[in-house]
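> Submitted below is the structure of interest, expressed as structure tokens.
Quick note: the coordinates plus some simple rules give every number you see, no bench work behind them. Because the structure is a prediction, the values reported are computed rather than measured. In this analysis, Cβ positions are derived from the backbone assuming ideal geometry, glycine residues included, and neighbour counts consider all displayed protein chains.
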Amino acid sequence: MFSQKVVDNLRNSSAIRAMFEEGARLKREFGEANVFDFSLGNPDPEPPERTLAALRELVEKSPRGLHGYMNNAGYADVREKIAAQLSRMGGTPLTEDNVVMTCGAGGALNVILKALLNPGEEVIIFSPFFVEYKFYTENHGGVPVIVPSRESGFLPDLDALEARINAKTKAVILNTPNNPTGVAYPRELLAGMESVLQKKGGQYNTVIYLISDEPYRDIVYDGVRVPCVLEIFQNALIGYSFSKSLSLPGERIGYVAASGRIEDCRTLCDALVFANRTLGFVNAPSLFQRLIAESLDDKVDINIYQERRDLLYGHLTGLGFSCVKPGGAFYLFPKSPLPDTAAFKQMALKHKIILVPGNGFGCPEYFRLAYCVSTETIRNSLPAFTALAKEAGL
């Protein structure tokens, strides 16, 4: 009656959303202040005031044509500003023709995969990974290939990567800082990854593309710097979202940027624009394209997230939880003290703590906590985590 593939995927669909719904149910039953919901990466801070001021001005002035159609790639002047910013970051020249405005990073990744993949071609994904990568790949006839990262530090294993590349490998998805671990990958590792891709691409006489999913690029701590993939990888495509950097997740605004060093980049960029249209996005939201053009240098206050990271990380590790300290994003990915993470999830629910088991991220022995909630929520949750740790035997 329905798509069997979709029905099958429903059984394995997002545990994040499932726990978000469970949190909503508990809040209705016990009151929002008594439930500690760390399920969804939904930023608590409001957008920067300058961004809000620019939005108010756009809405109040409402220049003629503000809400109309434009080129499927987006407004040329907006794309030109983004290209100039990326050119400065990556040390390689881009023009507006290298940029396509999209409906967030999720839209960007689907546009990229639609433009790249032939049926049966493989996309390598490092675990732990954002749960939707597998579905995005399968949306366009691709085959997701999971390559485990090194458990100590959650950095990609380049030997394992090289071993899994074959003649069908079309792309590798990179996500740094990573969701769910918060780990930011160092330049040396990325340079080594490019060497592997070039070597194996030469061996199989093919091009292996690097797809960089970058919604957390601007949320880093402790002096961490996220290298620009455009200066490291020849065949790089960036999927960026302003959802996290400007606290605009519901507005679905982002872009794809393709390196000018890609062979026949013009045809690829035309394919990206075509995919943007035929996937039904048509174009990125007009109003928020105009807002982004005025807000490229604006960012949320990273100190807010760092304070919350330090508070929650310090308390959990003090209780005995094993956890890599994140260098970016706004997630913790501790190891479950129980072998059965599903049982640990249920134990946490008794203490009104909403966490996401690691199964969907490809690491079932771990769990994710999104600390983009209010500082008050984190502080109020600490006694509950103390009680949970005691019950779990820590």
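> By how many nm would the segment from S3 to V59 lengthen if fully extended, with 0.36 nm per residue of separation less the alpha-carbon distance?
On the way: separation 56, 0.36 × 56 = 20.16 nm, distance 4.12 nm.
Taking 0.36 nm per residue and subtracting the Cα distance, the gain is 16.0 nm.
> Right, another one. Excluding the sites themselves, what is the longest stretch of the chain that contains no GluC sites (Glu not before Pro) in a DSSP loop with at most 16 other C-beta atoms within 10 Å? Each step should come with its number before you reach the end.
Working: sites that count: E151, E263, E365.
Result for the longest clean stretch: 1-150.
> Can you give the FRET efficiency for A343 and S127, using 1/(1 + (r/R0)^6), R0 = 35 Å, r = Cβ-Cβ distance, to the nearest 0.05? Walk me through the numbers on the way to the answer.
Numbers: r = 22 Å, r/R0 = 0.62.
Given R0 = 35 Å and the Cβ-Cβ separation, E is 0.95.
> Helix 302-319 versus the longest principal axis of the chain: what is the Cα-based angle in degrees, 0 to 90, to the nearest 10?
Long axis of 302-319 versus the principal axis of the chain: about 40 degrees.
> Okay, next question. If you filter region 109-207 for chymotrypsin sites (Phe, Trp or Tyr not before Pro), then keep DSSP loop positions with at most 14 other Cβ within 10 Å, what is left?
Values: sites: F126, F129, F130, Y133, F135, Y136, F154, Y204; in loops: F129, F130, F154, Y204.
Passing both the DSSP loop test and the Cβ count: Y204.
> To the nearest 0.05, what FRET efficiency results for D310 and N205 with a Förster distance of 35 Å applied to their C-beta separation?
Values: r = 49 Å, r/R0 = 1.41.
Once rounded, the FRET efficiency stands at 0.10.
> What is the Cα convex hull volume of the chain when expressed per residue in Å³? Numbers along the way, then the final one.
Values: hull volume 59.5 nm³, N = 394.
Once divided by residue count, the hull of the chain is 151 Å³.
> Compute the Rg to Rh ratio over region 254-370 from the alpha carbon atoms, using the Kirkwood formula for Rh, and round to two decimal places. Provide the component values of the computation, followed by the final result.
Details: Rg = 20.8 Å, Rh = 18.2 Å.
Result for region 254-370 is an Rg/Rh of 1.14.
> Could you check the simple spin-label distance between D297 and A76, using points 7 Å along Cα→Cβ, in nm with one decimal?
Taking the two extended label points, one gets 2.5 nm.
> Please give me the summed charge of the neighbours of D298: other residues whose Cβ is under 11 Å from its Cβ, Lys and Arg +1, Asp and Glu -1. Intermediate values should be presented prior to the final figure.
Numbers: positive: R50, K299; negative: E49, D218, E294, D297, D301.
My count for the surroundings of D298 gives -3.
> Let me ask another. Only bridges with both residues in the chain count here: give the DSSP antiparallel percent, nearest 5.
On the way: 15 of 35 bridges.
The answer is about 45 percent antiparallel.
> Report the paramagnetic label zone for N42: residues of region 246-282 whose backbone N is under 19 Å from a point 7 Å from Cα along the Cα-to-Cβ axis.
246-253
> Among rounded, prolate and oblate, which fits region 101-202 when a ≥ b ≥ c are the square roots of the eigenvalues of its C-alpha gyration tensor, a/c under 1.5 means rounded, and a/b larger than b/c means prolate? Present the calculation step by step, with values, prior to reporting the outcome.
Values: a/c = 1.71, a/b = 1.19, b/c = 1.44.
In terms of gyration-tensor shape, oblate.
> Right, another one. Given a Förster distance of 41 Å, report the FRET efficiency between Q198 and K350 from their Cβ-Cβ distance, rounded to the nearest 0.05. Walk me through the numbers before you get to the answer.
Numbers: r = 52 Å, r/R0 = 1.26.
E(calc), rounded to 0.05, equals 0.20.
> For S212, which sequence-distant residues (separation of 5 or more, or a different chain) have an amide H within less than 5 Å of its own amide H, given hydrogens modelled in the peptide plane?
HN-HN under 5 Å from S212: L174, L237, I238, G239.
> Name the most mobile residue of G314, G142, G68, meaning the one with the largest mean-square fluctuation, in a Gaussian network model of the chain with Cα contacts below 10 Å.
Ranking G314, G142, G68 by mean-square fluctuation puts G68 first.
> Run through every distinct alpha carbon pair of region 327-394 and return the Kirkwood hydrodynamic radius in angstroms, one decimal place.
On the way: mean 1/r = 0.0810 Å⁻¹.
Answer for region 327-394: a Kirkwood hydrodynamic radius of 12.4 Å.
> Which of the trypsin sites (Lys or Arg not before Pro) found in region 179-242 are loop residues per DSSP with 16 or fewer other Cβ atoms within 10 Å of their Cβ?
In loop regions of region 179-242 (DSSP not H, G, I, E or B), the sparsely surrounded trypsin sites (Lys or Arg not before Pro) are R225.
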